[in-house]
Structure formats: structure tokens, C-alpha cells
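Participant: Here it is: the structure, laid out below.
The values are calculated or read from the model by the stated rules, or taken from the named source; none is laboratory data. All figures in this text were calculated on a predicted structure; none of them were measured in a lab. Quick reminder, even Gly has a Cβ in these numbers, built from the backbone with ideal geometry, and neighbours come from all protein chains shown. The area values use the complete protein model at the heavy-atom level, side chains included, leaving out ligands, DNA and RNA. Shrake-Rupley method; radii C 1.70, N 1.55, O 1.52, S 1.80 Å.
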Amino acid sequence: MAVNIHKPMITEMKRRVLEALRESSGYLSGETLANRLGTSRVSIWKHIRSLEKEGYLIEASRNGYRLVSSPDLLLPYEFPGFEQRIHYFPEIGSTMDAARELAKRGAGEGTIVIAEAQTHGRGRLGREWLSPMGGIYFTLILRPKISPANAPRINLMASVAVAVTIRKLFGLNAGLKWPNDVFIEGKKVCGILSEMDAEMGEVNFVNLGIGINANTAIHQLEGTATSLKHVTERDISRKEFLGALLVEIEHRQPSLMEASLLEEWKRLSVTLNKDVTITAPGEVITGRAIDVDATGALIIRERNGSLKKAVAGDCTQ
Ligand code: BTN
């Protein structure tokens, strides 16, 4: 799939028209907008039409234009400060594939691929990630200066950011199940998948994929999963959620290698101090989850007292 490495959907003028409408409490005439933005009235009208096609409700009267409502779509302009780095797709195979292609072609740190729906969403361990409309699906391209062994800390950081966002916005008890699932009321609400490209002991990029069951109807999910809509009993604002989450992730990036990240993960963990079975490639480990090490590996005390480390795998608890 060819991905346009330049802004695929956003035009700077359209973003500025929307910004002007948002900032205005009343009507703005085409002429005022045109003068303010240094363009023609015809150009303003075209951008207004284009915004309407995307779902923005814009009232046009003798007095000018007024923004009545915005769609709950994850359009780039909805994320001020991030919009220039966002590649937006109404539907895509997987945001991981697009992000990989972009990263290979040199896309910078912080590039974000967002899709409203995925036809081939990917989960951990080769599983499918159901991605109907209503969820939040995105991949963030990161180029951290860390050794590949520490890359799993990125997933820990992301899972903490998701849980904290859920707690802040909805006051819900979101917890973290190792390695990086976010759970509410014993069911999975968010999954995280990262793909790394590294050579000679250096990370080239880590693509961090996050899938959140936001307004996903419960019948569209597996029995072990839940959605924010289901637990809050209302439609949530996906753009508010994603905006807040992007800020949480950005705030945590500088402390990726600090002990405070692990402390935060441990505080939110619903796996530590539980009896677990880890099905890892080539082995099954059963025992009490007692800690995570600096790379995010789970430390398990087996019944015979010996300590085992799980780096990846499935956790049943
Ligand atoms: C898991 O198995 O728990 C991980 C799920 C990760 C899903 C996200 S949705 C955005 C990105 N694109 C994908 O195809 N997968 C990840």
C-alpha cells in the first residue's frame, strides 16, 4: 500500500478556517474570514463545503458562517498541536502497516497514523484485533535513543498512559494486566502492540499500536472484552479521549527510562501478587507474579520457590 508521507487529508487553510470558526462566538462572514486568513471568499467557501462533507455542521446565514457542531471523528484538526503529524484514514487494513511504510521512508518521531476502522487489525501473538467503527485505532512512530532490550518499556509507558486517561476522564478503576493490556471490571478495554526495527544494538523505530474499545458495541467484541461505552453506559467523546491520551503519552516519554515509570505501572497492575500462568513461546510458567524487572519482564515465583522470568506471552490469572 502506498502511503502519502506528506499530509494526506489536511490542508493548512482548511485547518485555519476551522480554527477561526471555533474561536468565534458568533457568525463570521466570508469576507471577514477571507481577509483574516489572506485568501479569497471562494476559497473560504470551498473549505467550508469540504468541512461539511467531513461531518462538521456549519450554519450559513446572511451574517456569515457559524460552527454548530463537530463530528466525533478522529480528524487531524481535532488534535491541536499534533495535527501536522497525523495521517488519517477513514478505513485502512492496519495502521501498523501504514506506520511501518512511513517509518521506513523516514517519517519523523511522533508521526501518528489514525484510522476510524481497520479491516485487518492485528493483535499480539498473531491474533486478529477486531476494529469496527467506534473504536480508536492508531500507531505512533517513535525513535527513542534506547537499547532494543528496553523497548518493552514503551509498551509499559503506553499502557500506563491509557489507564491514567481512563481514570482521569471517567473516574473508572482501570488496571494493567501484564504485559500491557488495560482492564476495567475484569475485562479488556485496550490492547497494545509494538513493532521494532533495530540494528547494531540501536533502535531505528518502534511503532506503538494502540487499540481502544471506545464506543464499540459489546456484541461486536469477544466475551473477554469490554468497551468504554459499555462501562460508562453512554457514548464517549473519542476525540476528547484520544486528545487526552496523546498528551499523557507525550508527558511520559522523557521519563521512559526512569524508575518512576515502573513504579507507576506497578501501582496500576492487576497482575502483581496474583497467581498466574504465563504461556510463553516454548514454555508455560505457573506461580505467583511478584515483580517486573527494568525491561518489563514479569518475575514469577514458582511453587518450588524458584524464580522465573517471562519476557513475552499470554497471561492467565
Ligand atoms: C493486543 O493483542 O492486545 C494488541 C492489540 C493492538 C491493536 C492496535 S489497533 C491499532 C494498531 N493497528 C493494529 O493493527 N493493531 C494495533
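Participant: Which of the three applies to region 12-69, rounded, prolate or oblate, going by the alpha-carbon gyration tensor with a ≥ b ≥ c and a/c under 1.5 meaning rounded?
Facilitator: Working: a/c = 1.38, a/b = 1.11, b/c = 1.25.
Since a/c stays below 1.5, the shape of region 12-69 is classed as rounded.
Participant: Stretch residue 294-residue 220 to full length: gain in nm at 0.36 nm per residue minus the Cα-Cα span?
Facilitator: Full extension from residue 294 to residue 220 adds 23.0 nm.
Participant: Now for a different question. What is the sum of charges, Lys and Arg at +1 and Asp and Glu at -1, for the other residues whose Cβ falls under 13 Å from the Cβ of residue 265? Working shown, then result.
Facilitator: On the way: positive: 153, 177, 252, 266, 267; negative: 181, 258, 263, 264, 291, 293.
Net local charge, residue 265 excluded: -1.
Participant: Moving on to the next point. Relative contact order for the chain: what percent, with Cα pairs under 8 Å and sequence separation of 6 or more? Walk me through the intermediate numbers first.
Facilitator: Numbers: 603 pairs, mean separation 40.9, N = 317.
This gives 13 percent for the chain.
Participant: Take residue 237 and residue 260, extend 7 Å from each Cα along the Cα→Cβ direction, and tell me the distance between the two endpoints in nm.
Facilitator: Going by the 7 Å Cα→Cβ label model, 2.8 nm.
Participant: Please give me, ordered by residue number, the GluC sites (Glu not before Pro) of region 76-119 that lie in loop per DSSP and have at most 14 other Cβ atoms within 10 Å. Could you put the intermediate results ahead of the total?
Facilitator: Numbers: sites: 78, 83, 91, 101, 109, 116; in loops: 109.
Passing both the DSSP loop test and the Cβ count: 109.
Participant: Which cross-chain or sequence-distant (5 or more) residues have an amide H under 5 Å from the amide H of residue 135, H modelled 1.01 Å from N in plane?
Facilitator: Those qualifying (amide H under 5 Å, at least 5 residues apart or on another chain) are 214, 215.
Participant: Using a 1.4 Å probe and counting only protein heavy atoms, arrange 288, 62 so the residue with the most accessible area comes first.
Facilitator: On the way: 288 95, 62 240 Å².
Solvent-accessible surface, decreasing: 62, 288.
Participant: Go ahead and run the numbers for FRET between residue 314 and residue 22, Cβ-Cβ distance against an R0 of 41 Å, rounding to 0.05.
Facilitator: Details: r = 45 Å, r/R0 = 1.10.
After rounding to 0.05, the efficiency reads 0.35.
Participant: Can you give the accessible area of residue 52, probe radius 1.4 Å, in Å² rounded to 10?
Facilitator: Estimated to the nearest 10 Å², residue 52 gives 70 Å².
Participant: What residues have an amide H closer than 5 Å to that of residue 198, excluding those fewer than 5 places away on the same chain, when H is modeled at 1.01 Å from N in the peptide plane?
Facilitator: Correct list: 204.
Participant: Can you compute 3J(HN,Hα) from phi for each residue in region 155-162, using the Karplus curve 6.51 cos²θ - 1.76 cosθ + 1.60 with θ = phi - 60°, rounded to whole Hz and x for Gly and Pro?
Facilitator: 5, 4, 4, 5, 5, 4, 4, 5
Participant: Hey, what do the phi angles of region 17-24 turn into as Karplus ³J(HN,Hα) couplings, whole Hz, using 6.51/-1.76/1.60 and θ = phi - 60°, x for Gly and Pro?
Facilitator: Along region 17-24, the couplings run 4, 4, 4, 5, 5, 5, 6, 8 Hz.
Participant: How much solvent-accessible surface does residue 146 expose, in Å² to the nearest 10, with a 1.4 Å probe and all protein chains in place?
Facilitator: For residue 146, solvent-accessible area is about 20 Å².
Participant: At most 13 other Cβ atoms within 10 Å and a DSSP loop assignment: could you name the GluC sites (Glu not before Pro) in region 210-247 that fit?
Facilitator: Those that pass, being in a loop and sparsely packed, are 222, 233.
Participant: I'd like the antiparallel share, as a percent to the nearest 5, of DSSP beta bridges with both residues in the chain.
Facilitator: Working: 51 of 59 bridges.
For the chain, the DSSP antiparallel bridge percentage is about 85.
Participant: Using +1 at the Cβ of each Lys and Arg and -1 at the Cβ of each Asp and Glu in region 275-316, identify which of 312, 299, 281 lies farthest towards the dipole's positive end.
Facilitator: Checking the options against the dipole of region 275-316, the answer is 299.
Participant: Further question on the same structure: Express the carbon and sulfur contribution to the solvent-accessible surface of the chain as a percent, rounded to the nearest whole number, probe 1.4 angstrom. Working shown, then result.
Facilitator: Working: 7460 of 14770 Å².
C and S fraction of accessible area: 51 percent.
Participant: Next question. How much length, in nm to one decimal, is gained on full extension between residue 63 and residue 200, taken as 0.36 nm per residue of separation minus their Cα-Cα distance? Write down the numbers at each step before the final one.
Facilitator: On the way: separation 137, 0.36 × 137 = 49.32 nm, distance 6.30 nm.
Here the answer is 43.0 nm.
Participant: In degrees, nearest 10, range 0 to 90: what is the angle between the Cα axis of helix 95-104 and the longest Cα principal axis of the chain?
Facilitator: Approximately 90 degrees, to the nearest ten.
Participant: Which order do 274, 266 take when ranked by solvent-accessible area (1.4 Å probe, heavy atoms of all protein chains), largest first?
Facilitator: Working: 274 90, 266 60 Å².
So the residues, ranked largest to smallest area, are 274, 266.
Participant: Same structure again: Under the definition of Cα pairs under 8 Å and six or more residues apart, what whole-number percent is the relative contact order of region 275-316? Could the numbers behind the result be given before it?
Facilitator: Details: 81 pairs, mean separation 16.4, N = 42.
It rounds to 39 percent for region 275-316.
Participant: Under unit Cβ charges (Lys, Arg +1; Asp, Glu -1), what dipole magnitude, rounded to 20 debye, does the chain have relative to its Cα centre?
Facilitator: Numbers: 40 positive and 37 negative charges, 73 e Å.
It works out to roughly 360 debye.
Participant: So, for the chain, what is the accessible surface per residue at a probe of 1.4 Å, expressed in square angstrom? Kindly include the intermediate steps, with their values, before the conclusion.
Facilitator: Working: 14770 Å² over 317 residues.
On a per-residue basis, 47 Å².
Participant: Please give me, ordered by residue number, the trypsin sites (Lys or Arg not before Pro) of region 80-140 that lie in loop per DSSP and have at most 11 other Cβ atoms within 10 Å.
Facilitator: Numbers: sites: 85, 100, 104, 105, 122, 124, 127; in loops: 105, 127.
Filter output for region 80-140: 105.
Participant: Let me ask something additional. Suppose R0 equals 25 Å; then what is the FRET efficiency for residue 277 and residue 147 from their Cβ-Cβ distance, rounded to the nearest 0.05? It would help to have the intermediate numbers written out before the result.
Facilitator: Numbers: r = 30 Å, r/R0 = 1.19.
The computed FRET efficiency comes out at 0.25.
Participant: Tally Lys/Arg at +1 and Asp/Glu at -1 over every other residue whose Cβ is under 13 Å from the Cβ of residue 19; what's the total? Write out the running numbers ahead of the final one.
Facilitator: Numbers: positive: 14, 15, 16, 22, 36; negative: 12, 23, 78, 83.
Net charge around residue 19: +1.
Participant: Let me ask another. Spelling out what I want: for every residue of region 241-250, take phi, set θ = phi - 60°, compute 6.51 cos²θ - 1.76 cosθ + 1.60 (Karplus), and round to whole Hz; glycine and proline get x.
Facilitator: Ordered by residue, 3J(HN,Hα) equals 5, 5, x, 5, 5, 4, 5, 4, 5, 4 Hz.
Participant: Tell me which lysines have Cα within less than 27 Å of residue 53's Cα, excluding those fewer than 8 residues away on the same chain?
Facilitator: 7, 14, 229, 239
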